[in-house]
Amino acid sequence: MKFPQPLPGLVVCFSYLWRGQKEEGWEEGIKDRPCAIVAAIQKKRTDEKGEAKEQLQVSLIPITTSQPKNLAEAVEIPPATRKRLGLAEDKPCWAICSEINTTDWPGYDLRPVPGTKPPRFEYGFLPPTLLRDIQEKVSFVAQGKKLKVVSRNENL
């Protein structure tokens, strides 16, 4: 199975680890869910041999059908976008902008989208205006020092 190019706005199936789960000692998410990539950057790292290498790192936010406790820290996914991506059509979905998972790409926590034949990892892309709204809200939360970051790599 081919991994998609991790561009901001791409929605993938991912084993998202909520901050509360991490604090309870979980190492993997309880549920695979749609997550939107909000950033992808090349990071310089040193490997076990002391050699410098570059590794692509992505930041993902979860998409959920559970209404957020704080609507000011979420962006609702419009019905037409939910339908196009194959997300829940019968109930609202929100992009949660108050926490992110960071991971090397491709990470072990990337999952095939349920029911896809042939299997694929991606649902599709968010519209540019919706992605911008989400990125701005993540930035706003981060500026207020309320962004919860969960690293999915031991060395990050």
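The values are calculated or read from the model by the stated rules, or taken from the named source; none is laboratory data. The structure displayed is predicted, hence computed values, not measured ones. Ideal geometry is used to build each Cβ from the backbone, glycine not excepted, and the neighbour counts take in all protein chains shown.
Here is how the numbers come out for the structure above:
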item	result
Selection status of V12, at pLDDT 95 or above, touching a helix residue (DSSP H, G or I) at 6+ places or on another chain (Cβ under 9 Å), under 22 Å from L131 (Cβ atoms) and in a strand (DSSP E or B)	no
Selection from the range 112-122 of residues that are crowded, with 18+ Cβ neighbours inside 10 Å and either among the hydrophobic types (A, V, I, L, M, F, W, C) or closer than 14 Å to Y16 by Cα (or both)	V113, F121
Inter-residue pairs, beta-carbon under 8 Å, first touching a residue at least 60 places away in the same chain (Cβ under 8 Å) and in the range 36-57, second in a loop (DSSP other than H, G, I, E, B) and of a type in the set (F, W, Y), 6+ apart	A40/W105; Q57/W105
Matching option when the condition is crowded, with 20+ Cβ neighbours inside 10 Å and polar (S, T, N, Q), among Q57, Q42, Q5	Q57
Test: K31 is closer than 27 Å to K146 by Cβ, among the basic types (K, R) and in contact with a Ser or Thr (Cβ under 9 Å, 6 or more places away or on another chain)	yes
Qualifying residue in the range 137-156 (condition: in a loop (DSSP other than H, G, I, E, B) and in contact with a Cys (Cβ under 9 Å, 6 or more places away or on another chain))	yes
Criterion violated by Q42 - all others in (1) farther than 24 Å from V141 by Cα; (2) in a strand (DSSP E or B) satisfied	(1)
Every residue from the range 89-103 that is under 17 Å from the mean Cα position of the chain (by Cα) and either assigned to a loop (DSSP other than H, G, I, E, B) or farther than 16 Å from I61 by Cα (or both)	C97, S98
Test result for A80, in contact (Cβ under 8 Å) with a residue 24 or more places away in the chain and of a type in the set (G, A, S)	no
Of the criteria (1) at pLDDT 95 or above; (2) in a loop (DSSP other than H, G, I, E, B); (3) surrounded by fewer than 18 Cβ atoms within 10 Å (Cβ to Cβ), which one K49 fails	(1)
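Condition check ((1) among the basic types (K, R); (2) on the phi < 0 side of the Ramachandran plot; (3) in contact with a Pro (Cβ under 9 Å, 6 or more places away or on another chain)) across all residues:
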residue: P78; (1), (2), (3): no, yes, yes
residue: R82; (1), (2), (3): yes, yes, yes
residue: K91; (1), (2), (3): yes, yes, no
residue: Q135; (1), (2), (3): no, yes, yes
residue: V149; (1), (2), (3): no, yes, no
